[in-house]
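What follows is a set of notes on a single structure, which appears directly below.
The values are calculated or read from the model by the stated rules, or taken from the named source; none is laboratory data. If you're wondering where the values come from, they're calculated on a predicted model, not measured in any experiment. Neighbour counts run over all protein chains shown; Cβ positions are idealised from the backbone, glycine included. The area values use the complete protein model at the heavy-atom level, side chains included, leaving out ligands, DNA and RNA. Shrake-Rupley method; radii C 1.70, N 1.55, O 1.52, S 1.80 Å.
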Amino acid sequence: MRTICERCDAVELPADGRAWICSFECTFCESCSTAMDHNCPNCGGELVVRPRRRVAV
């Protein structure tokens, strides 16, 4: 999983945090995804909330 927003490079995206991805796994923070109207600038696909992985105990 990518850990940095591809648009702003300023937001860290932890595995258990919220992020938005397209079908090619381009990854963006909530602010950037909202600003782009949930459309990927790379492929034009829809950005959806990235599923979260369980944190190892």
Lone unmet requirement of (1) hydrophobic (A, V, I, L, M, F, W, C); (2) touching an Asp or Glu at 6+ places or on another chain (Cβ under 7 Å); (3) open to solvent by 100 Å² or more (accessible area, probe 1.4 Å) for residue 22: (3)
Residue within the range 30-37 that is among the hydrophobic types (A, V, I, L, M, F, W, C), part of a loop (DSSP other than H, G, I, E, B) and at pLDDT 95 or above present: yes
Test: residue in the range 42-49 that is assigned to a loop (DSSP other than H, G, I, E, B), among the aliphatic types (A, V, I, L, M) and modelled with pLDDT under 95: no
Cross-chain or 6+ apart pairs with Cβ under 8 Å, the range 36-47 first and closer than 13 Å to residue 7 by Cα, then among the charged types (D, E, K, R) and surrounded by 15 or more Cβ atoms within 10 Å (Cβ to Cβ): 36/7; 41/7; 42/6
Odd one out for residue 17, checked against (1) open to solvent by less than 20 Å² (accessible area, probe 1.4 Å); (2) in a helix (DSSP H, G or I): (2)
Leading residue by the ranking (farthest from the chain's Cα centre (by Cα)) among those in the range 1-14 that are of a type in the set (A, V, I, L, M) and open to solvent by 50 Å² or more (accessible area, probe 1.4 Å): 10
Inter-residue pairs, beta-carbon under 8 Å, first without any contact (Cβ under 8 Å) to a residue 12 or more places away in the chain and in the range 6-33, second among the aromatic types (Phe, Trp, Tyr), 6+ apart: none
